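Read through the structure below, which is laid out as structure tokens, and then see the notes.
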Amino acid sequence: MKLYTKKAHELHDLLVNKEISAAELVRAQAERIEAAEPKVQAFITRTFDDAMAQAAKVDAKIAAGEAIGPLEGIPMALKDNMCTDGVRTTCASKILHNFVPPYDATVVTKLKEAGAILMGKCNMDEFAMGSSTENSRFFATRNPWDIERVPGGSSGGSAAAVAAGQAVFTLGSDTGGSIRQPAAFCGVVGMKPTYGAVSRFGLVAFASSLDQIGPFTRDVRDNARVMNAIAGYDLKDSTSAPVDYPDYEALLGQSVKGWRVGLPKEYFGEGIGPEVKAVIEKAVKVLEGLGAEIGECSLPHTEYALPVYYLIAPAEASSNLARYDGVRYGYRSEEAPDLNTMFKKTRAEGFGEEVKRRIMLGTYALSSGYYDAYYLKAQKVRTLIKGDFDQAFEKFDVLLSPTSPTVAFKFGDRTDNPLQMYLSDICTLSVNLAGIPALNINAGFANGLPVGLQLMGKAFDEAKLLQLAYAYEQATGCHSQTPDLGV
Amino acid sequence: MSNETMQMERDFDFEIVMGLEVHVELHTKSKIFCGCTTEFGGDQNTHVCPVCLGLPGVLPVLNKQVVDYAMKAGLALNCEIAEFSKFDRKNYFYPDLPKAYQVSQYDLPIAKDGYLDIEVGGNPKRIGITRVHMEEDAGKLVHGGAANLAGAEYSLADYNRTGVPLIEIVSEPDIRSIEEAVAYLERLKSILEYTEVSDCKMEQGSLRCDANVSLRPWGQKEFGTKAELKNMNSFKALQRALEYEVERQAEILREGGKILQETRMWDEAKGMTISLRSKEEAHDYRYFPEPDLVPLVISREWVDRVKATLPEMPHIRKERLVHSYGLPAYDAGIITGSKAMADYFDSACKAFGVDTPAGVEVADDKAKERAKQISNYMMGELTRLLNASEFGYSNSPVTPENLVGLLQLLEAGTISTKIAKTVFEDMFASGKPAKAIVEEKGLVQISDEGAIASIVRDILTANPSVVADFKAGKEKAMGFLVGQAMKATKGKANPGLVNKLLKEELEKM
Ligand SMILES: [Zn+2]
């Protein structure tokens, strides 16, 4: 039995029926991580000892005849920007290489309460800035479908780990596409929830008004299951939304007949690769076959999403990352004769190129005399972009587009040209600016590489996205493939 | 031009223009964005948590009590409360600022457009309040081997104070003299004490004052270039710093020089202001809306709820004391200058049975006399002893009830005024009631005519030469004889009786 290809809901049944024990499952998971790691390199930190101890507790519970929760005993991993009490949290940065938080992020608390078992912390672009995980200060993660290609980013480690069977599910964070794009490149399900649906407490901030945590899973049911565990209002996060959160999993399986699905024409333009377009068009046909009503729509301010994003996100980042000054924790340059030099050297040595680039961009955008022209203007355009979606959702239940203009690219292809790299995210940025939810599922393959399909919904309409994706998955079986790593 | 202005014009060749920025620590239980205590002191870095330490990933949650207090202060300063306000980040690097930004309010403060009335030399004046906004305090650095960071061998950071809530109260540039500046700060402190939003202890840094100072020729409309003064940690420091700065600027202007726009620091030890940074070197704080907090929306009901908690303000209370008890305006002004002192007075009046509902004059002269007695004792002896001790009116060792106990003994003639003073000092030192001390030490006044008459006769017999002096018309001799009688009774003899009996006996001789 290849446990590492199984979904959480399947493993839950095996545990409940005592066909496997949690200890066996965790041990098998650890072995799979070690077997795949030389090729994938998804993990910065492993927590196997703690995981085994947790598994023993779950087994004791099962042996005592107690009921276990839907995620209890399920091995998982976290992007290394979510704080874990007593476990190093690095953001794949030299500046936090030794940082051990004395507290758990709210999502970690929730997953612990749900009984999920942490196997380790996943690689990422430094401080979540990047689209390929090549910006990790430690090492690059490889795409399990082709290890010469990037897994996407910034949550590349989390996406690759799920695709490679190194975790049943993982959490990532999405600021401009950092869950959906790697999910697309690695052929897994990735959800970017509504801003405010999942607590950001304990998520090391990149851009506070855009960041959102979400799950990577091997199928839609698992995604709904993890969303059930992590979504909800949190007193510790003032931007968290005090609304009613549905049981996402219970809502799966309903007919999507008559659902209006809009195709924003700006997302099917020139920049989209023909191989991607072909797979997406086929997928649209499938949905049509399921009774969905397909129509074209327009999001006219889409072309401004990239510049707006690259003003707002770096501006917030420049402030959020200012605390890494070497005074209290993390890396400190030892060669400084005075305070200001210590600040400068610590930050110059501690941050990588991309992070420094964005800090400079953001500092500039907020500078006196430029604030109105850049930051304030960007916020106004952001409102227009949000307005585009509001209008589109008057006519459509869900919008559909490619997740990324291309399939996974090769290492080094875009590292010399930041702008080219930024363009990887043109289909995903607007969603963060508008604060709405979006989901990536695997639509099919082009030349053996996964092609991602993005579903976008109204704020707090995650359930709808999951329902439509579930119907597609059931109709196509697109979630059943696992990359062959030869291990 | 008023007489006053003309007078000032003769005194000084420039018109002074000032505005004050006052930072006040709010006396809430917990910090502004976390649950840590705001208590002063404590071992270094014991009143901290991941949130106020700004560790990666933490988020602020606004303490509603801070909003209540800021609103209360705003209302007491006659401000308009903003229905919609927000928080912003003020970005700068310093080791006492763990997030490298201070959460403050930039363009939409919680309160604005208020005023405060002061009085200088009997002349009333209204000073505009531009705004009141909320922000968080920074930590404290302790330097090794030097007074400042520059030159220190090492520096240690204590974050206990980080995240303690502050309000900043910014005045309009309406202040025209150093006396007005001091009066403004005194009145502001008094109002804030009344609202009980802060303990206003300048020596503990819970009230800090910066000043914008400029000069202009009399009659000129435009403001001169201003200097911003920092680090004035007492009323005396404010006064001295302003005196120094005004003279410094005047000298430059007299010599035809130009004032530089800069931030200057008051150096208490050197007694001068020192340039900290010029306008060109001023920080670019890169303010932007704090994305981790949602905008603050304040309903009418919320404002009304806070308004209902406002106490009687000092000027109203002063009028009440003048009207109800007939206290001189000056005395009433001093008593109501501090809420604790005014509360003490009210409690004492109650204990003496002379309290009266607001707006009602006390019935008789005796009641007024009692109130006056209380007021006199407070403004004299009690204030003197409190100032020399670590106590204040809120925790005075002599309670209002015990003070009244003493006044009752005086009123009944049980002790003399002179003895009362000694008893009061004993009361202050021991905290005991007057009666206990008087009984313990046997200080009851001797009012027995027979007993005093016998003492008087003894003294006259023992001092024939003094008696002769008196008979020869030397009035001074009388004083000596009274003194002898008091000495013989250890001050317990009723002085009125002594006088009367001495005269009687002398006439007989
Ligand atoms: Zn705290």
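The values are calculated or read from the model by the stated rules, or taken from the named source; none is laboratory data. Treat the numbers as computed from the prediction; the structure is a model and nothing was measured. Here Cβ is always computed from backbone atoms with ideal geometry, including for glycine, and neighbour counts include all displayed protein chains. Just so you know, the surface numbers come from the protein's heavy atoms only, side chains and all, with ligands and any DNA or RNA stripped out. Shrake-Rupley method; radii C 1.70, N 1.55, O 1.52, S 1.80 Å.
Remarks
- In the stretch B:357-370, the count of residues that are outside any loop (DSSP other than H, G, I, E, B) and crowded, with 18+ Cβ neighbours inside 10 Å is one or more.
- Residue check for A:Ala224: buried (at least 20 other Cβ atoms within 10 Å of the Cβ) and within 14 Å of chain B (Cβ to nearest Cβ): no
- For the stretch B:487-505, the set of residues classified as surrounded by 15 or more Cβ atoms within 10 Å (Cβ to Cβ) and either farther than 16 Å from B:Glu449 by Cβ or among the acidic types (Asp, Glu) (or both) consists of B:Gly491, B:Glu505, listed by residue number.
- Residues that are among the aliphatic types (A, V, I, L, M) and open to solvent by 70 Å² or more (accessible area, probe 1.4 Å) were ranked within the stretch B:266-295; the one that is farthest from the other protein chains (Cβ to nearest Cβ) is B:Ala269.
- The listed residue being under 30 Å from B:Met509 (Cβ atoms) and of a type in the set (Gly, Ala, Ser), out of B:Ala436, B:Ala477, B:Ala388: B:Ala477
- A Cβ distance below 7 Å, combined with a sequence gap of six or more or placement on separate chains, defines the contacts here; from the stretch B:147-173, residues that are more than 16 Å from the ligand (Cβ to nearest atom) reach residues that are open to solvent by 20 Å² or more (accessible area, probe 1.4 Å) and hydroxyl-bearing (Ser, Thr, Tyr) in the pairs B:Leu149/B:Ser155; B:Val170/B:Thr130; B:Ser171/B:Thr130; B:Glu172/B:Thr130.
- Residue match in the stretch B:318-341 (condition: polar (S, T, N, Q) and open to solvent by 50 Å² or more (accessible area, probe 1.4 Å)): no
Per-residue answers, yes or no, for (1) among the aliphatic types (A, V, I, L, M); (2) over 21 Å from the mean Cα position of the chain (by Cα); (3) at pLDDT below 95:
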{"site": "A:Arg218", "(1), (2), (3)": "no, no, no"}
{"site": "A:Asp234", "(1), (2), (3)": "no, no, no"}
{"site": "A:Leu263", "(1), (2), (3)": "yes, yes, no"}
{"site": "A:Gly269", "(1), (2), (3)": "no, yes, yes"}
{"site": "A:Pro274", "(1), (2), (3)": "no, yes, yes"}
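- Conditions (1) more than 14 Å from chain B (Cβ to nearest Cβ); (2) of a type in the set (Val, Ile, Thr); (3) under 19 Å from A:Asp174 (Cα atoms): number failed by A:Val108: (1)
- Only one entry of B:Leu62, B:Leu55 meets the criterion of being within 14 Å of another protein chain (Cβ to nearest Cβ), part of a loop (DSSP other than H, G, I, E, B) and within 23 Å of B:Arg300 (Cβ to Cβ), and that entry is B:Leu62.
- If the condition is being within 14 Å of chain A (Cβ to nearest Cβ), outside any strand (DSSP E or B) and of a type outside the set (D, E, K, R), then the stretch B:68-107 contributes B:Phe87, B:Tyr92, B:Phe93, B:Tyr94, B:Pro95, B:Leu97, B:Pro98, B:Ala100, B:Tyr106.
- Residue check, A:Ala408 free of Cβ contacts under 8 Å to residues at least 12 places away in the same chain and of a type outside the set (Ser, Thr, Tyr): no
- Failed condition for B:Thr38, given (1) touching a His at 6+ places or on another chain (Cβ under 8 Å); (2) open to solvent by 40 Å² or more (accessible area, probe 1.4 Å): (2)
- Scanning the stretch B:464-480 for residues that are loosely packed, with under 11 Cβ neighbours inside 10 Å and among the charged types (D, E, K, R) yields B:Glu475, B:Lys476.
- Meets criteria (away from chain A (no Cβ under 14 Å), open to solvent by 30 Å² or more (accessible area, probe 1.4 Å) and within 16 Å of the ligand (Cβ to nearest atom)) for B:Gln44: no
- Selection over the stretch B:388-413 of residues that are in a loop (DSSP other than H, G, I, E, B) and open to solvent by less than 40 Å² (accessible area, probe 1.4 Å) gives a count of 6.
- Cβ-Cβ contacts under 6 Å between residues 6 or more apart (or on different chains), taken from a first residue in the stretch B:412-440 that is on the phi > 0 side of the Ramachandran plot to a second residue that is of a type outside the set (A, V, I, L, M), are listed as B:Gly431/B:Pro397.
- Residue in the stretch A:58-69 that is closer than 30 Å to A:Ala317 by Cβ, open to solvent by 20 Å² or more (accessible area, probe 1.4 Å) and in contact with a Ser or Thr (Cβ under 7 Å, 6 or more places away or on another chain) present: no
- Sole exception among (1) more than 30 Å from A:Thr90 (Cβ to Cβ); (2) within 15 Å of the ligand (Cβ to nearest atom); (3) without any contact (Cβ under 8 Å) to a residue 40 or more places away in the chain for B:Val58, by number: (1)
- Those residues of the stretch A:1-28 which are within 21 Å of the chain's Cα centre (by Cα) and part of a helix (DSSP H, G or I), in sequence order: A:Tyr4, A:Thr5, A:Ala8, A:His9
- Residue selection: A:Ala229 satisfies the criterion of being open to solvent by 10 Å² or more (accessible area, probe 1.4 Å) and either of a type in the set (A, V, I, L, M) or within 14 Å of chain B (Cβ to nearest Cβ) (or both).
- Tally, over the stretch B:20-38, of residues that are assigned to a loop (DSSP other than H, G, I, E, B) and either within 11 Å of the ligand (Cβ to nearest atom) or farther than 30 Å from B:Val182 by Cβ (or both): 8
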